[in-house]
Structures are given as structure tokens and as C-alpha cells.
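The values are calculated or read from the model by the stated rules, or taken from the named source; none is laboratory data. Bear in mind that the values here come from a model prediction, so they are computed numbers and not experimental data. Note that we place each Cβ from the backbone using ideal geometry, even for glycine, and neighbour counts take in every protein chain shown. For the accessible areas, the whole protein counts, side chains as well, though only heavy atoms, and no ligand, DNA or RNA atoms are used. Shrake-Rupley method; radii C 1.70, N 1.55, O 1.52, S 1.80 Å.
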Amino acid sequence: MTPHPGGTTPADPPAHGGASPPVPPRPPGVRVGVIGTGMIGQDHIRRITQVLTGGSVVAVNDVDAERAGQAAAGLPRTVIAHDTAQDLIADDNVDAVLVASWGAAHEEQVLAAVAAGKPVFCEKPLAPSSDACLRILDAEVAAGRHLIQVGFMRRYDAGYLAMKAALDDGSLGPALLMHCAHRNPSVPDYGFTTDMIISDSAVHEMDIVRWLFGEEIVAATVLTPRRAGQAPDGLQDPLILLLEMASGVLVDDELFVSARYGYDVRGEVVCETGTVALADVSEVTVRAQNRYGGRVPVDWRDRFIRAYDAELQEWLNAVAVGSAAGPSSWDGYAAAAVTDAALEALRTGQRTAVSMPERPEFYAK
Ligand code: NAP
């Protein structure tokens, strides 16, 4: 392990002296160990350190030790860069673990955190297969307390929260169907597969519709429209995913990861007597020369920055008082079960039923 001594905290007095009295450094709050210091791991480290209250990063780990060291350097407190995820989880100075490693590593790391009795925030997917998620559910149930929050941050987005409130107040009548679109400007030229459009991108819609409608998804169908010329070789892009909810609500989800023009997430629910749609998120609309226009977000960090802040703040608050909040490991499992069905539907071209056991009492709503 490598200690990275802390730098100047924002709370330190100005170096040039002056009249302001010294401000005591912030108490550490929940001491978090972060596994995986790639794109989202670094973003979460930034928000815990600079934006949120009640937590601090005290340890990091990444298979790329240099990347972990860089993430640790310059943080206000001394941060230990552990050689392995297991060492980080076992560190007595780590109260809670944030898993932001590659999806395939999540199961082992989440299980180790649960075995150590430590709360864990796991980025989506909870694990890449529903079988792996079931093993995590079993471990959490055996531990006898809720220890896991899954990073489905859309539930914290102001737009989706307002949409849910509009649906729940009943004035629009029962929901009938929902149109979704999930457009990314681009994905890497290599390593990103058609399956990942479902397992990495559509997994967000799978979770948000379960949450919006308060029911499970029972079947999936995947359609393959004309392929975009700019899509990386071998990638079938776009896709249309059809999800059937238990009540019969039908959700169509356009997934287009080479859309070029920006990161655009859309949603409109059609109910018996009205509709509710996510508004455009541009801060202003400019009207000039007989045209009007606004800003399209650059990427997921830009579009959902407040939602990520809110989900992690809720996690820190819950951990601080020994409870759990937010999307549970059951939600992670349910999304994985729908992913399995959707991948099967993609392979076969057939409508595929989602296979899931009854929701255990431990995860009652
Ligand atoms: P990334 O930039 O590739 O970062 C992942 C990091 O974890 C990399 O540094 C990787 O090292 C490291 N790593 C891989 N296996 C590891 C292991 N066994 N132990 C420790 N470190 C390991 O990916 P990312 O975009 O940050 O995504 C990370 C996770 O967050 C994924 O599960 C992804 O689906 C999820 N995510 C969620 C959202 C959201 O909207 N909620 C958005 C983005 C990402 P190498 O590069 O050397 O493999």
C-alpha cells in the first residue's frame, strides 16, 4: 500500500496570513474506500471530496496502480492506495466501500464487502449475470441487513422524480405506454459490443421503468432497424427494445449509441387522459434569425450530474446512521434478469419472457 499525503484542504487558512481565524478541517464523516479509479470512480471521488457532506475518501484501489495513485494524489486527506481490492475492504480505516471497477469484478468485490459487514455502493451493473446477482442477494440476506446500494442514479434526477410524481398523483389516469430514447454521441471503436447496448445502456431504462410504474418487467423483444453508417464495425446500432410491464404497459426504448449530436435521454409516458414527458434540459433557449435552440448535454456526467450528487449524498447519509437507502440489490438483480431476457431476444429475434423468482420478504417495497 502507498500512502498519499493530503494537500491543502479548502478549509485551510490562506497562506498569506490575514485576519481570518484558522478553520478546523472538516471531520472525515463516513470514510470511503473507492475500488476502480477510472472515469466514474474519479468523478465520485471528486464529488465526495468537493461537493457532498459527511464523507471522505481514505483509500483507493485499481488494477492500474498508477491510475489509483494519481486519483489519490492531491486529495485533502492522506489516502492509501491499496495493492488489492481485498486489502482495501479489510482496511480498518475504511467504513464503507464504493465499487466503480469493471462490471465483471463487481460480484467478488461486493461479496467481500458484505462478508466484512461493510456498506457498499456498487455502480451498475450489480453484476453482469442474474446468477451472480442472486449470489449477492443470498449473501446480503444471510448477513441479515441491507448493505448494498446500486448506482441507478436516474431515480434521483429532477425530471424523472417529477414524472413519477405526476404518474402517482393519478390525475393522468392509468399509464398505457412509454416512449424512451437513449442516445450517446459515440462509443469506443473497439471493445463495445451490441450486447453492451443492452447490458450497459438500456439497463438504465430497465430500472427506471420498474421504479416509475412500481412493477416488474415480464418480457422483452429487440428489433434491429437499419444500421447507422457511422456505427463502429460490427455494432448493430440503433436497436429498439420493447419491454412489457406486468400490468400490460408497453415501453419502447430507442438505443442509439453513435448519435453524434450529443447525449440525449428522452421519455414520455402516455396515460388514459394525458401525457408526461421529460423536458429538454438546456438552461436557456436562444431565439434568433427565425430559429430557436438550446444545449444538448455532452455526456452522461453532464446530463445527470445532480442525480449522481443526490444518490451518493443519500448513500453517505444512510451509512452514517447505519441504514440503507436507494436502489437495492434486488433492483440490481431485477435489471440483470431483464438484461438476460433482452440479450436472448436479441439473439433469437423472439419475444422472451423474463424469468425471476418472487421478490423475497427481505426486499419488500
Ligand atoms: P473505466 O473508466 O474503465 O474505469 C474502471 C476502472 O476499474 C479502470 O481503471 C479499470 O482498470 C479498473 N478495474 C477493472 N477491474 C478492476 C478490478 N478487478 N479491481 C480494481 N479495479 C479494476 O470505466 P467507468 O466508465 O468508470 O465504469 C466503471 C463502472 O461504472 C462500470 O460498471 C460502468 O458500467 C459503471 N458506470 C455507471 C454509470 C452510470 O451512469 N451509473 C456511468 C458510467 C459507468 P483497467 O482500465 O486497467 O481495466
* **Kirkwood Rh and Cα Rg combined as Rg over Rh, evaluated for segment 170-216** => 1.12
* DSSP beta bridges in the chain [antiparallel fraction, %, rounded to 5] -> 55
* With the convex hull built on the Cα atoms of the chain, state its orientation-averaged projected area in nm². => 22.6
* To do: Determine, from the Cβ-Cβ distance of Leu250 and Thr348 and an R0 of 22 Å, the FRET efficiency 1/(1 + (r/R0)^6), rounded to the nearest 0.05.
  => 0.65
* To do: Send over a whole-number figure in Å² for the accessible area per residue of segment 59-105, probe 1.4 Å.
  => 46
* To do: Please give the residues of segment 239-266, grouped as numeric ranges, whose backbone N is less than 20 Å from a label point set 7 Å along the Cα-to-Cβ vector of Arg295.
  => 260-266
* Between Thr78 and Ala325, what is the spin-label point distance in nm, taking each point 7 Å from the Cα along the Cα→C-beta axis? -> 3.2
* To do: Provide the gained length on full extension for the span Ala115 to Ser355, in nm with one decimal, where the gain is 0.36 nm per separating residue minus the Cα-Cα distance.
  => 83.6 nm
* Which GluC sites (Glu not before Pro) does segment 82-160 hold that lie in a coil by DSSP with at most 10 other beta carbons within 10 Å? -> none
* Asked: Loop-only check: which GluC sites (Glu not before Pro) in segment 234-300 are DSSP coil with at most 10 other Cβ within 10 angstrom?
  -> Glu272, Glu283
* Asked: Taking the inverse of the average 1/r across all pairs of different Cα atoms in segment 272-365, what Kirkwood radius in Å do you get?
  -> 18.1
* **Average accessible surface area per residue within segment 266-365, 1.4 Å rolling probe, Å²** => 56
* Summing -39500 (n - 2.57) over the DSSP H runs of n ≥ 4 in the chain and dividing by its residue number, what mean residue ellipticity at 222 nm do you reach, to the nearest 500 deg cm²/dmol? -> -9000 deg cm²/dmol
* Contour excess over end-to-end distance, with Cα ends at Leu161 and Asp189 and 0.36 nm allotted per residue -> 6.6 nm
